[in-house]
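Quick notes on the structure that follows.
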Amino acid sequence: MRDHVWGVENDQRQRWKESCENENALHATISQTSWSVLEVFPFIFRLPEPQGVIGTHDEVDIFANIGLTAGWEKECLNCGDGALNRRCPRAALKLAEHYARVDSAGVVDDNKASTDNNKPVVGDDMFRSGFTAGLAAFLAASVMAAGAAFAAPLKTRDVIELWPGGVGPGSEKSPAQLTITERSKVAYWPDRIVTGITRPNLTAFVPDKPNGTAVIVAPGGAYSRIVLDKEAAEMARWLNPYGVTVLLMQYRLPAEGHVDGKDVPLQDAQRAIRMVRQHAGEWGLQPDKIGFLGASAAGHMAASLGAEFAKKVYEPVDTADSLSARPDFLLLLYPVVSMDDKLTHVESRDNLLGKDPSPELIKEYSADLHVTRESPPTFIVVAKDDPVVPPENSVRYHEALQKVGVSSELHAFAEGGHGFGIRDARQLPVSDWPNLAATWMKAKGYIKSPQ
């Protein structure tokens, strides 16, 4: 972390330097976003726009442009040449504080100014804490103005939209309206579903001690709904103690009026991997330790992602789309894999491809037919008595991976039915599957023992 101090006494320099070194997130946030809103503020407050080119590395006296030169030693150790630099967060803070003292007529209110050589008042607390309420507002505005991602550590309950502007490609005219439906029959055993999704996203569950591994979790629902109370948060409760950052995925459902409905699940899955990979550094993740867990119909999405992560299913929208969409490993729970009449889950196929799909579509969307030696290592769990999705789907995908030399582990339990997740597997032998999956991930180097 470089120094970002100027115009202060030596004893203050060291304190601010230490504070700055401990505020990597502040530096990243301010240096990436604050200047955008500061350049817009002259219009908001009807201030005369500063002369010259603001924020270049040239020796531009930014403070002189707004009449704040008195008493300031214009030194920034980040630049080394006496010029204030747009990469310097402390310069941004001082300009932000100046604009905060401008009244509604665009005039600096002298009653709010410091009496110390007319310097802007910026307290030590601002530097130590990272931001004040005003700075938070500046940063939020700058994100909107610049259209940039918020460069900050990931926190539990953070929601990350997958697509610029929120709405996924081809969903702009979808009539779908986000709806959460309550289906619970027992108060303490909740059962809800979500439908009407046009703005796919990820919700973060961050462990106390992240180890750099992330797993994107996609719950099932026959491609007509997403179940909320199993195959979702329970996966975070399982994986967080191992240090795994869990990102619960709310993906678009193919039959809800999207232009290319049959491809929206794979679009969202590819985009999710790319987004996490792009932001891995700032979120404390390893870009080569990103897994994907899919259950039931979302198992088809996950299996398709593993087989066709490089398939072009949408036009690039930003730099994230230059990154690989290959997950580093897959976890499949009782997945739909094949679209073949004898093997498929009919409801899932109807929602994905429509009724009576052609033989060509059946082949194209059967994930087991498209695996390659580049497909990721995969862990699969299924119950032999599954009455909904034939277990042969899991067997087919496992065998296809082994045929091309990809590591795959299949656990087929005698009992468990369909959709057991973690909570509904209790008191059955299949309840051991999370331990088996954890052992598999340990062997692959993705996790260690629970923390």
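What list of ³J(HN,Hα) couplings, whole Hz, do you get for segment 183-189 from phi and the Karplus terms 6.51, -1.76, 1.60, once you set θ to phi - 60° and write x for glycine and proline?
So the J values, rounded to whole Hz, are 10, 4, 10, 10, 4, 9, 9.
Considering the options I290, P390, I273, tell which one lies farthest towards the positive end of the dipole of segment 159-444, charges being +1 on Lys and Arg and -1 on Asp and Glu at the Cβ, about the Cα centre.
Checked the options; the winner is I290.
Given the pairs K209/K289; K230/K448; K155/K230; K262/K289; K342/K384; K173/K262, which span a C-alpha to C-alpha distance of over 19 angstrom in this model?
K230/K448; K155/K230; K262/K289
Which residues' amide hydrogens lie under 5 Å from the amide hydrogen of A383, considering only partners 5 or more residues apart or on another chain, with H built in the peptide plane?
Amide H neighbours of A383: F413.
Determine, for each peptide in 418-424, 238-244, the mean count of other beta carbons within 10 angstrom over its residues, then list the peptides with the highest first.
On the way: 418-424: 19.3, 238-244: 21.3.
The packing order, highest mean first, is 238-244, 418-424.
Could you give each residue of segment 262-269 its phi-based ³J(HN,Hα) in whole Hz, using Karplus coefficients 6.51, -1.76, 1.60 with θ = phi - 60°, and x for Gly or Pro?
Ordered by residue, 3J(HN,Hα) equals 5, 9, 5, x, 5, 4, 5, 5 Hz.
What is the projected area of the convex hull of the Cα atoms of segment 159-444, averaged over all directions, in nm²?
14.3
Computed from the coordinates by the stated procedures, all read-outs in this text should not be read as laboratory data. Predicted model only: the values in this text are computed from it and were never measured. Neighbour counts run over all protein chains shown; Cβ positions are idealised from the backbone, glycine included.
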